Amino acid sequence: MVGRHGSARAALDAGRSAWREAGLPEAAQAALASPDAAAIERELTWAGRPGNRLLLPGSPAYPPLLALAPRPPVLLWVIGEPALLADPQLAVVGARRPSAGGRDIARSFAAQLAASGLVITSGLALGIDAAAHRGALEAGGRTLAVLGTGLDRIYPAANRDLAHAIVDGRGALVSEFPLGTPALADNFPRRNRVIAGLSLGTLVVEAALASGSLITARLAAEHNREVFAVPGSIHNPLARGCHALIREGAKLVESAQDILAELAPRLQALLSAPPAAPAQVSGTALPAGVAAPAALDEDYRKLLDLLADSPAPVDLLVRRSGLTAEIVSSMLLILELEGYVATAPGGLYSRLV
């Protein structure tokens, strides 16, 4: 609506026929026609508190990938770091009652991918979602939770402490639902649409054939985003959803590196990665497709130079480079994909070239 009419004011003035043509449900049309002044005041008061934001399409902070998705939310409520919504993200979703192995896989994948600089996005649900959020936090990475309720109603309540940990860990909670919205069944497919729209790709770890996770994956495919699935035993009913996705064209993955390799072209375009070409350094042949450090952008060369003596963690590189943690993490991810650096136990990065 806002994109079509140019501004929120023009969209409101367009009237019911335009709202109906845009596909707004009757309840939304009624709310626009007779706005609740007290509710609007509550929302504005909430948005004025530290750490809270309201984002409209067209505003600089609105996530660009989500804006490209069909019918993006007309308003996003955010607690935490709004800039995180524009960073490269991978959605990790799956069963609410996973096997112990599935939970471990989600946690491990999320930790490795978060340590490589990707934001891990999920829905704060029990099971795979929660394991993915926790894996990212344990690796010192960043994670984003998309809720199917208003942000004043954390659902499920069992994950309230996890929600606080996400915000405290420089992550964010996001919802397209107004404050006070309860956990209604119809909200969660809409929540899944936002998860898919924010992310470069979606990883499904375990899912039954009738699963909301499959909705998220298929929405991702419709948005021209990557879809990944972890295979499992043919005797495990929670593997059937993943196997169905693989038959439909999802990429079978066995490691976090499989995902990074598939996302490399999109990450390079998104982060303006340095060009790569075969070259020689001090008479030593570089791997095919790896450019000499001299061919890199100056900031990338400086970051490599900081790793010349010994492996270093991200926080040390942030202090030495003067760049933000988000920028350093994104640059390290590109350098790792291009073969310049490698990760080591303990969250350290070492130079290879």
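Based on the mean of other beta carbon atoms within 10 Å per residue, what is the order of 181-194, 112-125, 88-101, 163-176, most packed first?
On the way: 181-194: 16.9, 112-125: 27.0, 88-101: 23.1, 163-176: 20.1.
Going by the mean number of other Cβ atoms within 10 Å, highest first, we get 112-125, 88-101, 163-176, 181-194.
Taking the protein heavy atoms of the stretch 72-134 in the context of the full set of protein chains, the accessible area attributed to carbon and sulfur is 55 percent at 1.4 Å.
Percent antiparallel among DSSP beta bridges with both residues in the stretch 52-173, to the nearest 5?
On the way: 6 of 14 bridges.
Bridges in the stretch 52-173 are about 45 percent antiparallel.
Per residue, the stretch 139-205 exposes an accessible area of 34 Å² to a 1.4 Å probe, with every protein chain left in place. Annotation: Asp161 carries an accessible surface of approximately 120 Å², with a 1.4 Å probe and no ligand, DNA or RNA atoms counted.
What does the accessible area per residue of the stretch 97-138 come to in Å², with a 1.4 Å probe and no ligands, DNA or RNA counted?
Working: 1320 Å² over 42 residues.
About 31 Å² of surface per residue is accessible.
The values are calculated or read from the model by the stated rules, or taken from the named source; none is laboratory data. Since we're looking at a predicted model, the values are computed, not measured. Every residue, glycine among them, receives a Cβ derived from its backbone with ideal geometry; neighbour counts consider all protein chains shown. Protein only, heavy atoms only, side chains kept; ligands, DNA and RNA dropped before computing areas. Shrake-Rupley method; radii C 1.70, N 1.55, O 1.52, S 1.80 Å.
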